[in-house]
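Chemist: Structure in structure tokens, see below.
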Amino acid sequence: MTFPVDVVCRGLLCVVIGVSGCTKLFTKGSIRSLSHEFSELIPWVGLRMPLAIGLVTSELFVLVLLLGDMTYAAGLLLSAALMAVLSAGVLVIVVHHRSVRCACFGSLGRQLGPEHLARNLILMGIGILGFASFSGASLVRTIGYGLVGAALGVPVVLMDELIDVLSPTTVRHNR
């Protein structure tokens, strides 16, 4: 029995891209906040909201492709392309020391930094790996391995919180 790497990649990307797109879509004011954060990258005010809507639409479109039996190979490839575009934006922000808060999962979290670039590049690699190893596995194996991939996606979604929990904190003493 071969291990369907593509199915695990598919499950992981479904969770990450699904949570990202759906939280932006269903969190009140999230898309408006995202468009505001684009001000550090896009000087033209009139383009910010359409690009924010386009990003959410792209995430949801990739999710739909990943969920379809006949389309998930395309979803894997397009998820890699989406992560490449997002990585380029984060790279510009990091290199130019811009202050932009992460709106990755629907709320403005921590400031975008190298860890976000690393996460996006890893997700891009997962999309490429999944596409390159496309196997067309049976439905039962697809569901099983997809759930494994989905479980692997949860720490990716919770990265900011994990960094906060695992980072050493400064203890303040009251005088």
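Chemist: Which fully enclosed helices (runs of 4 or more DSSP H) of region 1-107 have 3 or more residues being among the hydroxyl-bearing types (S, T, Y) and under 24 Å from I122 (Cβ atoms)?
Modeler: It comes to 72-95.
Chemist: Oh, and also: Kindly indicate whether G113 is under 15 Å from the mean Cα position of the chain (by Cα), farther than 30 Å from S133 by Cα and surrounded by fewer than 19 Cβ atoms within 10 Å (Cβ to Cβ).
Modeler: Yes: the conditions hold for G113.
Chemist: Now for a separate question. What about L123, is it closer than 18 Å to C22 by Cα, touching a Leu at 6+ places or on another chain (Cβ under 9 Å), in a helix (DSSP H, G or I) and modelled with pLDDT of 70 or more?
Modeler: yes
Chemist: Kindly establish whether S99 is among the polar types (S, T, N, Q), at pLDDT below 85 and either over 20 Å from I128 (Cβ atoms) or buried (at least 22 other Cβ atoms within 10 Å of the Cβ) (or both).
Modeler: Taking the combined requirement at face value, the residue satisfies it.
Chemist: Considering only region 34-46, I want to know if a residue exists there that is touching a Ser or Thr at 6+ places or on another chain (Cβ under 8 Å) and touching a residue at least 40 places away in the same chain (Cβ under 8 Å).
Modeler: Checked against the condition, which is being touching a Ser or Thr at 6+ places or on another chain (Cβ under 8 Å) and touching a residue at least 40 places away in the same chain (Cβ under 8 Å), region 34-46 yields at least one hit.
Each row is one residue, and each column tells you yes or no for (1) of a type in the set (A, V, I, L, M, F, W, C); (2) surrounded by 15 or more Cβ atoms within 10 Å (Cβ to Cβ); (3) modelled with pLDDT of 90 or more.
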{"position": "S30", "(1), (2), (3)": "no, yes, no"}
{"position": "G46", "(1), (2), (3)": "no, no, no"}
{"position": "V62", "(1), (2), (3)": "yes, yes, yes"}
{"position": "L82", "(1), (2), (3)": "yes, yes, yes"}
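Chemist: Would you be able to tell me the number of residues in region 8-33 that are free of Cβ contacts under 8 Å to residues at least 24 places away in the same chain and under 22 Å from S99 (Cα atoms)?
Modeler: 2
Chemist: On the phi > 0 side of the Ramachandran plot and at pLDDT 80 or above: does that describe H116?
Modeler: Against the criterion (on the phi > 0 side of the Ramachandran plot and at pLDDT 80 or above), H116 does not qualify.
The values are calculated or read from the model by the stated rules, or taken from the named source; none is laboratory data. Here the structure is a predicted model, which means the values were calculated and not measured. Note that each Cβ is placed from the backbone with ideal geometry, even for glycine, and that neighbours are counted across all protein chains shown.
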